[in-house]
Amino acid sequence: MSQSFLNPVNTQTWVNGRHLVRVVKVVQETWDVRTFCFMADQPIMFFFKPGQFVTLELEIEGQPVMRSYTISSSPSVPYSFSITVKRVPGGRVSNFLHDTLHEGQELAVHGPVGLFNAIDFPNPKILYLSGGVGITPVMSMARWYYDTNANVDMVFVHSARSPKDIIYHRELEHMASRIDNFSLHLVCEKHGLGEPWAGYRGYLNIRMLEMMAPDFREREVFCCGPTPYMAAVKRMLQENGFDMAQYHEESFGATPPEAKADAVEHAEQAADAPDLDISDLHQVEFSDTGKSIRIAPGETVHAAAAKLGLMIPKACGMGICGTCKVMKLSGEVEMEHNGGITEEDEAEGYILSCCSVPKSDVRIEY
(Lines give C-alpha, C1' and ligand atoms only; values in the text may rest on other atoms or scores of the structure.)
Protein backbone atom coordinates (compact mmCIF):
# COMPACT_ATOMS: atom_id res chain seq x y z
CA MET A 1 0.00 0.00 0.00
CA SER A 2 1.40 3.40 -0.96
CA GLN A 3 2.31 5.74 1.88
CA SER A 4 2.72 8.77 -0.39
CA PHE A 5 -0.36 10.44 1.11
CA LEU A 6 1.44 10.78 4.45
CA ASN A 7 3.29 14.04 4.90
CA PRO A 8 6.40 14.00 7.08
CA VAL A 9 6.16 16.20 10.19
CA ASN A 10 9.33 17.88 11.37
CA THR A 11 8.66 18.53 15.04
CA GLN A 12 10.74 20.91 17.10
CA THR A 13 10.94 21.08 20.87
CA TRP A 14 10.30 24.31 22.77
CA VAL A 15 13.31 25.86 24.47
CA ASN A 16 13.59 29.11 26.38
CA GLY A 17 13.87 31.89 23.81
CA ARG A 18 11.81 33.94 21.34
CA HIS A 19 9.18 32.11 19.31
CA LEU A 20 6.53 33.18 16.82
CA VAL A 21 3.12 31.67 17.58
CA ARG A 22 -0.40 32.05 16.24
CA VAL A 23 -3.69 32.39 18.10
CA VAL A 24 -5.78 29.32 17.22
CA LYS A 25 -8.65 29.64 19.68
CA VAL A 26 -10.19 32.15 22.11
CA VAL A 27 -12.36 30.79 24.94
CA GLN A 28 -14.64 32.94 27.10
CA GLU A 29 -14.12 31.44 30.58
CA THR A 30 -16.18 33.91 32.62
CA TRP A 31 -17.75 37.29 31.92
CA ASP A 32 -14.34 39.03 32.18
CA VAL A 33 -11.82 36.21 31.66
CA ARG A 34 -10.63 34.73 28.36
CA THR A 35 -8.23 31.94 27.46
CA PHE A 36 -6.01 32.42 24.40
CA CYS A 37 -4.63 29.25 22.79
CA PHE A 38 -1.47 29.34 20.68
CA MET A 39 0.30 27.05 18.22
CA ALA A 40 3.33 27.38 15.96
CA ASP A 41 3.06 27.10 12.16
CA GLN A 42 5.76 24.45 12.18
CA PRO A 43 4.79 21.88 14.85
CA ILE A 44 6.53 22.51 18.17
CA MET A 45 6.25 20.31 21.24
CA PHE A 46 5.55 22.87 23.95
CA PHE A 47 7.14 21.11 26.90
CA PHE A 48 7.42 23.19 30.08
CA LYS A 49 7.16 22.72 33.82
CA PRO A 50 3.55 23.21 34.95
CA GLY A 51 3.40 26.58 36.71
CA GLN A 52 5.90 28.36 34.47
CA PHE A 53 5.11 31.43 32.39
CA VAL A 54 5.79 33.17 29.08
CA THR A 55 6.26 36.81 28.18
CA LEU A 56 4.24 38.24 25.29
CA GLU A 57 5.89 40.70 22.93
CA LEU A 58 3.19 43.20 21.97
CA GLU A 59 2.81 46.55 20.27
CA ILE A 60 0.20 48.84 21.80
CA GLU A 61 -0.44 52.26 20.27
CA GLY A 62 2.87 52.04 18.45
CA GLN A 63 4.83 51.28 21.62
CA PRO A 64 6.57 47.93 22.32
CA VAL A 65 5.17 46.30 25.47
CA MET A 66 6.28 43.09 27.21
CA ARG A 67 3.93 41.34 29.65
CA SER A 68 4.26 37.99 31.42
CA TYR A 69 1.44 35.47 31.82
CA THR A 70 1.35 32.03 33.38
CA ILE A 71 0.73 29.12 31.04
CA SER A 72 -2.66 27.77 32.11
CA SER A 73 -2.65 24.65 29.93
CA SER A 74 -0.74 21.45 30.69
CA PRO A 75 2.34 20.12 28.86
CA SER A 76 0.34 16.90 28.49
CA VAL A 77 -1.29 18.70 25.53
CA PRO A 78 2.04 19.33 23.84
CA TYR A 79 1.34 20.94 20.46
CA SER A 80 -0.26 24.08 21.88
CA PHE A 81 -0.24 26.20 25.02
CA SER A 82 -2.68 28.66 26.55
CA ILE A 83 -2.76 31.73 28.76
CA THR A 84 -5.83 32.91 30.67
CA VAL A 85 -6.29 36.67 31.05
CA LYS A 86 -8.70 38.66 33.22
CA ARG A 87 -9.84 42.01 31.87
CA VAL A 88 -8.76 44.60 34.43
CA PRO A 89 -10.53 48.00 34.49
CA GLY A 90 -7.98 50.45 33.09
CA GLY A 91 -5.52 47.62 32.44
CA ARG A 92 -3.63 48.58 29.31
CA VAL A 93 -2.47 45.10 28.33
CA SER A 94 -5.43 42.98 29.47
CA ASN A 95 -7.90 45.24 27.67
CA PHE A 96 -5.72 45.23 24.55
CA LEU A 97 -5.65 41.43 24.53
CA HIS A 98 -9.40 41.10 25.10
CA ASP A 99 -10.26 43.72 22.47
CA THR A 100 -7.77 42.92 19.71
CA LEU A 101 -6.28 39.43 20.02
CA HIS A 102 -8.20 37.15 17.68
CA GLU A 103 -7.91 33.84 15.87
CA GLY A 104 -5.17 33.79 13.26
CA GLN A 105 -3.15 36.64 14.80
CA GLU A 106 0.60 36.09 15.10
CA LEU A 107 2.84 37.36 17.89
CA ALA A 108 6.15 36.59 19.57
CA VAL A 109 6.51 34.98 22.98
CA HIS A 110 9.57 34.55 25.20
CA GLY A 111 9.98 31.64 27.58
CA PRO A 112 9.08 29.37 29.22
CA VAL A 113 10.67 30.23 32.58
CA GLY A 114 9.81 30.27 36.27
CA LEU A 115 10.85 28.67 39.56
CA PHE A 116 7.21 28.26 40.66
CA ASN A 117 6.39 24.84 39.25
CA ALA A 118 5.24 21.36 40.24
CA ILE A 119 8.20 19.43 38.85
CA ASP A 120 10.93 20.90 41.06
CA PHE A 121 9.01 20.31 44.32
CA PRO A 122 7.61 16.76 44.12
CA ASN A 123 5.35 15.58 46.94
CA PRO A 124 2.70 12.82 47.00
CA LYS A 125 0.36 15.24 48.84
CA ILE A 126 -0.30 18.72 47.43
CA LEU A 127 -2.47 21.67 48.45
CA TYR A 128 -3.30 24.27 45.81
CA LEU A 129 -4.44 27.65 47.14
CA SER A 130 -5.52 30.25 44.58
CA GLY A 131 -7.47 33.47 44.37
CA GLY A 132 -9.03 34.99 41.25
CA VAL A 133 -7.00 34.65 38.07
CA GLY A 134 -4.15 33.33 40.24
CA ILE A 135 -5.75 29.97 39.53
CA THR A 136 -3.86 29.68 36.22
CA PRO A 137 -0.51 28.18 37.35
CA VAL A 138 -2.06 25.74 39.83
CA MET A 139 -4.61 24.72 37.19
CA SER A 140 -1.71 23.86 34.89
CA MET A 141 -0.23 21.71 37.66
CA ALA A 142 -3.54 20.00 38.44
CA ARG A 143 -4.23 19.33 34.76
CA TRP A 144 -0.77 17.78 34.40
CA TYR A 145 -1.24 15.36 37.29
CA TYR A 146 -4.81 14.57 36.18
CA ASP A 147 -3.81 13.89 32.55
CA THR A 148 -0.81 11.75 33.50
CA ASN A 149 -2.75 9.68 36.07
CA ALA A 150 -0.17 10.60 38.68
CA ASN A 151 -0.41 9.05 42.11
CA VAL A 152 -0.65 12.46 43.81
CA ASP A 153 -3.22 13.39 46.46
CA MET A 154 -4.45 16.87 45.46
CA VAL A 155 -6.58 19.29 47.46
CA PHE A 156 -7.64 22.25 45.29
CA VAL A 157 -8.92 25.32 47.14
CA HIS A 158 -9.97 28.31 45.05
CA SER A 159 -11.33 31.66 46.24
CA ALA A 160 -13.45 33.82 43.92
CA ARG A 161 -15.45 37.01 44.26
CA SER A 162 -18.74 35.27 43.37
CA PRO A 163 -19.97 32.06 41.67
CA LYS A 164 -19.95 33.73 38.24
CA ASP A 165 -16.26 34.58 38.74
CA ILE A 166 -15.08 30.98 39.22
CA ILE A 167 -12.67 30.28 36.37
CA TYR A 168 -12.69 26.70 34.96
CA HIS A 169 -15.70 25.89 37.19
CA ARG A 170 -17.10 23.05 35.05
CA GLU A 171 -13.71 21.53 34.35
CA LEU A 172 -12.77 21.51 38.04
CA GLU A 173 -16.02 19.78 38.96
CA HIS A 174 -15.48 17.28 36.15
CA MET A 175 -11.99 16.46 37.42
CA ALA A 176 -13.27 16.05 40.98
CA SER A 177 -16.02 13.72 39.77
CA ARG A 178 -13.65 11.50 37.79
CA ILE A 179 -10.84 10.73 40.24
CA ASP A 180 -10.79 10.25 44.00
CA ASN A 181 -7.39 11.89 44.51
CA PHE A 182 -8.66 15.36 43.53
CA SER A 183 -10.61 17.15 46.26
CA LEU A 184 -12.21 20.44 45.19
CA HIS A 185 -13.22 23.28 47.55
CA LEU A 186 -14.55 26.63 46.31
CA VAL A 187 -14.90 29.76 48.43
CA CYS A 188 -16.99 32.73 47.28
CA GLU A 189 -16.71 36.10 48.94
CA LYS A 190 -20.35 36.85 48.09
CA HIS A 191 -23.13 35.77 45.73
CA GLY A 192 -25.64 37.84 43.86
CA LEU A 193 -29.43 37.73 43.98
CA GLY A 194 -30.69 34.62 42.23
CA GLU A 195 -27.24 33.03 42.30
CA PRO A 196 -27.54 29.68 44.08
CA TRP A 197 -24.48 28.90 46.17
CA ALA A 198 -24.14 26.16 48.76
CA GLY A 199 -20.37 26.29 49.14
CA TYR A 200 -18.05 28.18 51.46
CA ARG A 201 -18.72 31.91 51.83
CA GLY A 202 -16.50 34.79 52.87
CA TYR A 203 -12.73 34.58 52.96
CA LEU A 204 -10.54 31.51 53.39
CA ASN A 205 -9.60 31.05 57.05
CA ILE A 206 -7.92 28.41 59.20
CA ARG A 207 -11.23 26.79 60.23
CA MET A 208 -12.18 26.30 56.59
CA LEU A 209 -8.74 24.99 55.75
CA GLU A 210 -8.81 22.45 58.57
CA MET A 211 -12.11 21.12 57.22
CA MET A 212 -10.86 21.03 53.63
CA ALA A 213 -7.42 19.57 54.36
CA PRO A 214 -6.99 18.41 57.98
CA ASP A 215 -3.51 17.21 57.01
CA PHE A 216 -2.45 20.51 55.38
CA ARG A 217 0.78 20.57 57.42
CA GLU A 218 1.94 17.44 55.56
CA ARG A 219 1.34 18.90 52.12
CA GLU A 220 3.39 20.88 49.61
CA VAL A 221 1.55 24.20 49.16
CA PHE A 222 1.39 26.11 45.89
CA CYS A 223 -0.22 29.53 46.28
CA CYS A 224 -1.08 32.18 43.70
CA GLY A 225 -3.44 35.14 43.71
CA PRO A 226 -3.61 38.87 44.40
CA THR A 227 -0.86 40.14 46.70
CA PRO A 228 -3.22 40.66 49.71
CA TYR A 229 -4.55 37.10 49.26
CA MET A 230 -1.06 35.57 49.22
CA ALA A 231 0.01 37.66 52.22
CA ALA A 232 -3.05 36.50 54.20
CA VAL A 233 -2.48 32.83 53.26
CA LYS A 234 1.19 33.02 54.18
CA ARG A 235 0.39 34.59 57.56
CA MET A 236 -2.32 31.99 58.25
CA LEU A 237 0.04 29.11 57.53
CA GLN A 238 2.91 30.61 59.54
CA GLU A 239 0.64 31.14 62.56
CA ASN A 240 -0.59 27.55 62.46
CA GLY A 241 2.61 25.54 62.50
CA PHE A 242 3.14 25.02 58.78
CA ASP A 243 6.69 24.32 57.61
CA MET A 244 7.22 27.25 55.22
CA ALA A 245 9.96 25.33 53.40
CA GLN A 246 7.01 23.53 51.77
CA TYR A 247 5.31 26.79 50.74
CA HIS A 248 5.71 28.17 47.21
CA GLU A 249 4.08 31.22 45.67
CA GLU A 250 3.97 32.88 42.29
CA SER A 251 5.10 36.46 42.43
CA PHE A 252 5.93 37.86 39.03
CA GLY A 253 4.42 41.14 37.93
CA ALA A 254 5.31 44.75 37.30
CA THR A 255 8.33 46.27 38.96
CA PRO A 256 7.16 47.30 42.44
CA PRO A 257 7.26 51.02 43.29
CA GLU A 258 9.96 50.48 45.91
CA ALA A 259 12.24 48.89 43.30
CA LYS A 260 11.73 51.88 41.01
CA ALA A 261 12.45 54.23 43.91
CA ASP A 262 15.63 52.32 44.72
CA ALA A 263 16.72 52.64 41.10
CA VAL A 264 16.12 56.40 41.11
CA GLU A 265 17.96 56.77 44.42
CA HIS A 266 20.87 54.73 43.09
CA ALA A 267 21.07 56.92 40.00
CA GLU A 268 20.99 60.11 42.09
CA GLN A 269 23.70 58.78 44.40
CA ALA A 270 25.86 57.85 41.41
CA ALA A 271 25.46 61.35 40.03
CA ASP A 272 26.51 62.87 43.35
CA ALA A 273 29.45 60.50 43.84
CA PRO A 274 33.02 61.74 43.44
CA ASP A 275 34.87 60.90 40.24
CA LEU A 276 35.70 57.22 40.09
CA ASP A 277 39.14 55.91 39.31
CA ILE A 278 39.34 54.33 35.85
CA SER A 279 40.38 51.04 37.50
CA ASP A 280 36.96 50.92 39.21
CA LEU A 281 35.14 50.92 35.87
CA HIS A 282 34.39 47.79 33.87
CA GLN A 283 34.12 47.75 30.11
CA VAL A 284 31.03 46.19 28.54
CA GLU A 285 31.42 45.38 24.86
CA PHE A 286 28.60 44.30 22.55
CA SER A 287 30.10 42.12 19.84
CA ASP A 288 27.40 42.40 17.14
CA THR A 289 27.57 46.19 17.01
CA GLY A 290 31.17 46.71 18.08
CA LYS A 291 30.02 49.26 20.65
CA SER A 292 31.49 49.37 24.15
CA ILE A 293 31.28 51.50 27.28
CA ARG A 294 32.81 51.66 30.72
CA ILE A 295 30.30 51.61 33.58
CA ALA A 296 30.47 52.26 37.31
CA PRO A 297 30.35 49.51 39.93
CA GLY A 298 26.81 48.29 40.52
CA GLU A 299 25.49 49.16 37.06
CA THR A 300 23.95 46.37 35.02
CA VAL A 301 24.67 45.04 31.55
CA HIS A 302 21.22 46.29 30.52
CA ALA A 303 22.07 49.81 31.71
CA ALA A 304 25.29 49.69 29.70
CA ALA A 305 23.35 48.73 26.58
CA ALA A 306 20.83 51.53 27.13
CA LYS A 307 23.61 54.11 27.40
CA LEU A 308 24.83 52.99 23.98
CA GLY A 309 21.35 53.20 22.48
CA LEU A 310 20.96 49.40 22.38
CA MET A 311 17.49 48.44 23.53
CA ILE A 312 17.58 44.87 24.90
CA PRO A 313 13.92 43.77 25.38
CA LYS A 314 12.89 43.85 29.04
CA ALA A 315 9.58 43.30 30.84
CA CYS A 316 10.05 43.00 34.61
CA GLY A 317 13.48 44.42 35.45
CA MET A 318 13.80 41.95 38.33
CA GLY A 319 15.19 38.79 36.72
CA ILE A 320 11.78 37.12 36.64
CA CYS A 321 10.46 37.17 33.07
CA GLY A 322 13.61 36.08 31.22
CA THR A 323 13.01 38.50 28.35
CA CYS A 324 16.38 40.24 28.57
CA LYS A 325 18.46 37.06 28.17
CA VAL A 326 21.74 37.54 26.27
CA MET A 327 24.84 35.46 25.68
CA LYS A 328 27.93 36.39 27.68
CA LEU A 329 30.99 35.62 25.53
CA SER A 330 33.61 36.47 28.14
CA GLY A 331 34.12 38.06 31.54
CA GLU A 332 32.39 37.68 34.91
CA VAL A 333 29.08 39.03 36.17
CA GLU A 334 27.12 38.72 39.39
CA MET A 335 23.55 37.76 38.50
CA GLU A 336 20.80 37.92 41.11
CA HIS A 337 17.71 36.63 39.32
CA ASN A 338 14.30 35.42 40.43
CA GLY A 339 13.80 32.36 38.27
CA GLY A 340 13.88 33.99 34.85
CA ILE A 341 16.66 31.76 33.52
CA THR A 342 17.25 28.02 33.56
CA GLU A 343 20.35 26.28 34.86
CA GLU A 344 20.90 24.91 31.35
CA ASP A 345 20.97 28.42 29.89
CA GLU A 346 23.37 29.59 32.59
CA ALA A 347 25.66 26.65 31.86
CA GLU A 348 25.73 27.67 28.18
CA GLY A 349 26.76 31.21 29.13
CA TYR A 350 23.48 33.11 29.01
CA ILE A 351 22.72 35.87 31.52
CA LEU A 352 19.79 38.16 32.26
CA SER A 353 21.05 41.62 31.41
CA CYS A 354 18.66 43.43 33.78
CA CYS A 355 20.13 41.85 36.91
CA SER A 356 23.73 41.09 35.87
CA VAL A 357 26.42 43.38 37.26
CA PRO A 358 29.88 43.08 35.64
CA LYS A 359 32.69 42.02 37.99
CA SER A 360 35.28 42.38 35.22
CA ASP A 361 35.35 43.54 31.61
CA VAL A 362 32.68 41.58 29.78
CA ARG A 363 31.80 40.86 26.16
CA ILE A 364 28.14 40.35 25.24
CA GLU A 365 26.66 38.95 22.05
CA TYR A 366 24.20 41.67 21.03
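Restricting the search to segment 54-68, which residues are surrounded by fewer than 23 Cβ atoms within 10 Å (Cβ to Cβ) and not hydrophobic (A, V, I, L, M, F, W, C)?
Taking segment 54-68 as the starting set, the residues that turn out to be surrounded by fewer than 23 Cβ atoms within 10 Å (Cβ to Cβ) are 57-66.
Result: Glu57, Glu59, Glu61, Gly62, Gln63, Pro64.
Name the residue that is farthest from the chain's Cα centre (by Cα), counting only residues in segment 26-53 that are surrounded by fewer than 18 Cβ atoms within 10 Å (Cβ to Cβ) and aromatic (Phe, Trp, Tyr).
Only one residue fits best here, namely Trp31.
When segment 56-67 is examined, which residues are found to be part of a loop (DSSP other than H, G, I, E, B) and of a type outside the set (D, E, K, R)? Reasoning before the result, please.
Kept after step one, since they are part of a loop (DSSP other than H, G, I, E, B), are these residues of segment 56-67: 61-62.
Across segment 56-67, the qualifying residue is only Gly62.
If I ask for residues that are part of a loop (DSSP other than H, G, I, E, B) and farther than 22 Å from Leu237 by Cα, which ones from segment 120-160 would you list? Full working, then the answer.
Of the residues in segment 120-160, the ones part of a loop (DSSP other than H, G, I, E, B) are 120-124, 148-152.
Thr148, Asn149, Ala150, Asn151 - these are the residues of segment 120-160 that are part of a loop (DSSP other than H, G, I, E, B) and farther than 22 Å from Leu237 by Cα.
Quick one: which of Cys324, Cys355 is at pLDDT 90 or above, among the hydrophobic types (A, V, I, L, M, F, W, C) and closer than 18 Å to Gln283 by Cα? Steps first, answer last, please.
Numbers: Cys324 fails: closer than 18 Å to Gln283 by Cα.
After applying the criteria, what remains is Cys355.
Applying the selection to segment 163-193, what residues are among the hydroxyl-bearing types (Ser, Thr, Tyr) and in a helix (DSSP H, G or I)?
Step one: of segment 163-193, the residues among the hydroxyl-bearing types (Ser, Thr, Tyr) are 168, 177, 183.
Scanning segment 163-193 gives a single hit, Ser177.
Take the residues of segment 34-55 that are in a strand (DSSP E or B) and either in contact with a helix residue (DSSP H, G or I) (Cβ under 8 Å, 6 or more places away or on another chain) or of a type in the set (Gly, Ala, Ser) (or both): which is farthest from Val21 (Cα to Cα)? Please lay out each step first, then the result.
Let us first name the residues in segment 34-55 that are in a strand (DSSP E or B), namely 34-39, 44-45, 53-55.
Next cut, either in contact with a helix residue (DSSP H, G or I) (Cβ under 8 Å, 6 or more places away or on another chain) or of a type in the set (Gly, Ala, Ser) (or both) only: 34, 36, 53.
On the way: Arg34: 18, Phe36: 11, Phe53: 15 Å.
Going through the qualifying residues, I end up with Arg34.
With respect to the numbered conditions (1) at pLDDT below 65; (2) of a type in the set (A, V, I, L, M, F, W, C); (3) surrounded by 15 or more Cβ atoms within 10 Å (Cβ to Cβ), which one is the sole condition not fulfilled by Ala273?
Failed condition: (3).
Mind listing whichever residues of segment 301-331 are on the phi < 0 side of the Ramachandran plot and among the small types (Gly, Ala, Ser)?
Ala303, Ala304, Ala305, Ala306, Ala315, Ser330
The values are calculated or read from the model by the stated rules, or taken from the named source; none is laboratory data. Only a predicted model underlies this, so the values are computations on that prediction, with no experimental measurement involved. For neighbour counting, all protein chains shown are included, and Cβ atoms are generated from backbone atoms with ideal geometry for every residue, glycine included.
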